[in-house]
Structure formats: C-alpha cells, structure tokens
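What follows is a set of notes on a single structure, which appears directly below.
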Amino acid sequence: MPNMPDAAETDGLTVGQVSTRLGVTVRALHHWDEMGLARPSLRTAAGYRLYTAGDLERLHRVVVYREIGLGLDRIRAILDDSTADVPDALRAQRKQVAERIDRLQQLSAGLDRMIDAHERGLLLTVEQQAAIFGPEWNPDWPVEARERYGDTTQWRQYAVRSASRGPEEWQAVADAVAGLDRALGEAMDAGVAPGSPEANQLVERHREVFASYFPLTRQMQVCLGRMYEADPGFAAHYDGIRPGLATWFRRIVDAEARAHDIDPDTATWQ
C-alpha cells in the first residue's frame, strides 16, 4: 500500500511519475481521470496534465479503497459526498473482506486435501484404515499404489474422490465392497452360470461399486478380472471368500464383455 504523499515533493507530477509512486498503471490513471474519479489539477504550458499533492492524496484514498474491494463508483460517491458515512461503508466492506477470507481459507484447506490425496491416495490414519477395511488391510498398499499408478488418469480420478471423503464415506465404500464379495460367493455357490442375467447383474454391480475409486469401462473390467485371477494377492482374497472365486469372477466378466462385442482376449486398459 503506498505511503501518503508529501506536498513539498508532489506538486506537478506527471502521470508516469504518479504511476510509479502509487504502483498503479498509467491506463488506470487515465481511466480514473476520464470518469471523474481522480483528475490532475494542473496543466503545463504545452497542455500536459500534472498532479498536485491534493490530487495524490485523493488518489491514495482511491488505491486504499480499491484494495479493500470497493467498486470505483462507490469510491467516487464516498470521496465526493461530504455527508457520506465513511466508517459505515468501511465496516460493511470489512465484513465482506472477512467473508472472502473465510472462503479463501476453506479453498486453501480443500487444496491441501487435494494435494495430499494425489500424493498419498488415502487420507485416513493407519488406525482408521484398520477399523474400516479390516485386519487383512495393509496400510502400505496406498503408498505402493501411488508408486505404481501415480501418473495415470485413474489415479487422478481416484484422488479427486478421495479428497472429498472422510471415515464415514470410506466405511460406506468398504461396506459396498464387502456386500458385493458376499453376493459373488453366494452366486457361485448357487451355480450361477457366466452369461446368465444373474451373473451379468453382478458384473454391472461390480462396475458400479468400483466407480467409488474411478470410472471403470467394460474393457478395463476385463483387465481387472484377469488381474484378480493372476495376481497372488487378489487371487488369495477372492479364493479366501470361496475357493475358485477369482476364476469364476473372471469368467462372468468375460461372458458379459462378449455380450457387448468385446473380445476378452484382446481387451486393453481403455
């Protein structure tokens, strides 16, 4: 914010000199002049306008009022109206500034969470993770996932979702996943055949539940089905629910993909 001008130093300043002193553009000074907000009072013999100390004092007030957010018309009304309640206008503006600061602080906190979500994935303590995801959960998995998938579109989509979730939201996701796992095991026990309406419904349910992490296309789901069967960790999870469940799940995903003209043997992550 500029210092108040010294009258002995400021009578007869050019637009360029005032621009430098106050830290405003020459274009802004010309605009304020044209609208009658702050006009230079002197002229040289050649017709060039010069600012006096009084002009700079008014300009200083314009700059201060503008910095706190007052509009130019409102500033002019305050400066030109000797009866204007300046303290009242400033109190109203202070309230708006406080509200703006609060919004910016909330935005800053949201950005911090977004940064953490992109860097960490899961914004939960180790204790919260264990309580929500169960004793089999390894708190190192989010870090490993970040190292493996951090540069992918899916990780960025996952981070956006993660940033907006607390323990209750993650508990709802965990419950949905557990419910799906139970339904898959029960369907396998019941002899549900790949390609049947019941199996296809479960495949669609899997895509919906998985969307809690990032959108999952059918081709991507085929790739996941193969990973669930081939990866020792995933296979152990599904086969721990029911022996052979990982393979059965891959088969129902492949069958549903074929019904949508997708060849599971050539499906890619897209």
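When the range 181-227 is filtered for residues that are in contact with a His (Cβ under 8 Å, 6 or more places away or on another chain) and among the hydroxyl-bearing types (Ser, Thr, Tyr), nothing remains.
When the range 60-104 is filtered for residues that are closer than 21 Å to Val18 by Cβ, hydrophobic (A, V, I, L, M, F, W, C) and out of contact with any helix residue (DSSP H, G or I) (no Cβ under 9 Å at 6 or more places or on another chain), only Val64 remains.
With respect to Ala117, is the statement that it is closer than 21 Å to Leu224 by Cα, aliphatic (A, V, I, L, M) and under 29 Å from the mean Cα position of the chain (by Cα) true?
Numbers: closer than 21 Å to Leu224 by Cα: no; aliphatic (A, V, I, L, M): yes; under 29 Å from the mean Cα position of the chain (by Cα): yes.
No: the conditions fail for Ala117.
For the range 44-62, taking the residues that are buried (at least 16 other Cβ atoms within 10 Å of the Cβ) and among the hydrophobic types (A, V, I, L, M, F, W, C), the one that is nearest to Arg76 (Cα to Cα) is identified as Val62.
Of all the numbered requirements in (1) of a type in the set (A, V, I, L, M); (2) closer than 23 Å to Tyr238 by Cα; (3) at pLDDT 90 or above, Ala145 misses one, and that requirement is (3).
For the range 35-74, which residues satisfy the criterion of being over 38 Å from the mean Cα position of the chain (by Cα) and among the charged types (D, E, K, R)? It would help to see each step written out before you state the result.
Taking the range 35-74 and keeping what is over 38 Å from the mean Cα position of the chain (by Cα), we get 35-59.
Residues satisfying the conditions are Arg39, Arg43, Arg49, Asp55, Glu57, Arg58.
Scanning the range 114-145 for residues that are assigned to a helix (DSSP H, G or I) and among the aliphatic types (A, V, I, L, M) returns Met114, Ile115, Ala117, Val126, Ala130, Ala131, Ile132, Val143, Ala145. Scanning the range 1-59 for residues that are part of a strand (DSSP E or B) and at pLDDT 90 or above gives Leu13, Leu42, Leu50, Tyr51.
Which residues, counting only those in the range 135-152, are out of contact with any Asp or Glu (no Cβ under 9 Å at 6 or more places or on another chain) and either in contact (Cβ under 8 Å) with a residue 12 or more places away in the chain or loosely packed, with under 10 Cβ neighbours inside 10 Å (or both)? Passing the criteria: Pro135, Glu136, Pro139, Asp140, Pro142, Val143, Ala145, Glu147, Asp151.
The values are calculated or read from the model by the stated rules, or taken from the named source; none is laboratory data. Worth saying up front: this structure is predicted, and the values here are computed from it rather than measured. Please note: Cβ atoms are built from the backbone with ideal geometry, for glycine as well, and neighbour counts cover all protein chains shown.
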